1. For residues that are under 14 Å from Trp200 (Cβ atoms) and of a type in the set (Gly, Ala, Ser), scanning just region 210-231, find the one that is most open to solvent (accessible area, probe 1.4 Å).
2. Every residue in region 180-202 that is open to solvent by 50 Å² or more (accessible area, probe 1.4 Å) and touching a residue at least 40 places away in the same chain (Cβ under 8 Å), please.
3. Could you give me the residue pairs with C-beta distances under 7 Å whose first residue belongs to region 221-240 and is small (Gly, Ala, Ser), whose second residue is surrounded by fewer than 17 Cβ atoms within 10 Å (Cβ to Cβ) wherever it lies, and which are 6+ apart or on separate chains?
4. Restricting attention to region 55-68, does a residue exist that is within 24 Å of Thr249 (Cβ to Cβ), of a type in the set (Gly, Ala, Ser) and outside any loop (DSSP other than H, G, I, E, B)?
5. Could you grab the pairs with beta carbons closer than 6 Å, sequence gap of 6+ or different chains, first residue in region 154-175 and closer than 20 Å to Tyr218 by Cβ, second one among the aliphatic types (A, V, I, L, M) and in a loop (DSSP other than H, G, I, E, B)?
6. Could you run through region 59-73 and say how many residues are out of contact with any Ser or Thr (no Cβ under 8 Å at 6 or more places or on another chain) and surrounded by fewer than 17 Cβ atoms within 10 Å (Cβ to Cβ)?
7. For region 237-245, does any single residue satisfy the condition of being assigned to a helix (DSSP H, G or I), in contact with an Asp or Glu (Cβ under 8 Å, 6 or more places away or on another chain) and open to solvent by less than 20 Å² (accessible area, probe 1.4 Å)?
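The values are calculated or read from the model by the stated rules, or taken from the named source; none is laboratory data. Quick caveat, the model's predicted, so the values are computed rather than measured. Neighbour counts run over all protein chains shown; Cβ positions are idealised from the backbone, glycine included. Surface accessibility is based on the protein's heavy atoms, side chains included, excluding ligands, DNA and RNA. Shrake-Rupley method; radii C 1.70, N 1.55, O 1.52, S 1.80 Å.
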Amino acid sequence: MPNMSKRGKIIGREPHNMSKTQVWGVVLAGGKGTRLNCTDRPKVMIEICGKPIIRYVINALRGVTEKIIIVTGFMGEKITTAFQNEGVQFVHQAEQLGTAHALMQAERILKNKKGIVLIVNGDGPLFTKEVFSPLVKAMESGKYTLVFSSVVETQHPEYGRIVRNKENKVVDIVEAKDANVEQRAIKEKNVGVYAVDNSWLWHALKKIEKSSVSGEYYITDLVKIALAQKKSVEAIPSPSVQATLGVNTPEELKQIEQILCKK
């Protein structure tokens, strides 16, 4: 990983912990939204039915934790201004070098704390408590170091593929950009929701290497690192494929707008 000493400053106050097991929600919200022609605001600040996308994500996270950290990036000041009085904390990713690099910005807040880190993409306005709770419950069982949500579907070629061995055990998550032809045919996909043991996470993140294809650092590489260390990893099926849909294209934005406005 690159030198992280020049991270953006942390803004916001730490909310009171009401949970028996400490759960920290980290929202990755630094995306530019190139395919959505987002030039005047971050992708997560696009409004759907009168609310920014990230508002729906935060509301869903409130169902499992009051401790929320938002990782900003492109035009991040628009996010901090909009949510500065809501008891969340902010860290800034000055360079967009991938999801693992984004997560690394939260180290100063979370390092040396006990509990679970729940990592979610900020562009999932259909997320619900029911998507997150099974992951937290699995981690609270003490059986796992890392779990993540999965869906079986064929509609989103940009989602990472979950690779299993002959014993049906998870062995890897391959990003769509890096997937070969055989891997692209896999229908079980990663939707960008993870729960991780915080005491293990930060040391493991430093072991992630840059992708030779995209030049980015991927959170998904935590799976290989955990398995190499003989840690327990599991894919938890999401209770709803629809609830995990993200906003990546104008077509997806229109589809999700129709779903939310009907609600």
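1. Filtering region 210-231 for residues that are under 14 Å from Trp200 (Cβ atoms) and of a type in the set (Gly, Ala, Ser), the one most open to solvent (accessible area, probe 1.4 Å) comes out as Ala228.
2. Within region 180-202, the subset open to solvent by 50 Å² or more (accessible area, probe 1.4 Å) is 180-182, 184-185, 187, 199.
Once the filter is applied, which keeps residues that are open to solvent by 50 Å² or more (accessible area, probe 1.4 Å) and touching a residue at least 40 places away in the same chain (Cβ under 8 Å), region 180-202 yields only Ser199.
3. Partner pairs satisfying both residue conditions: Ser232/Lys143.
4. Looking for residues that are within 24 Å of Thr249 (Cβ to Cβ), of a type in the set (Gly, Ala, Ser) and outside any loop (DSSP other than H, G, I, E, B), one finds at least one in region 55-68, hence yes.
5. Note: pairs meeting the criteria are Arg161/Ala179; Arg161/Ile186.
6. 2
7. yes
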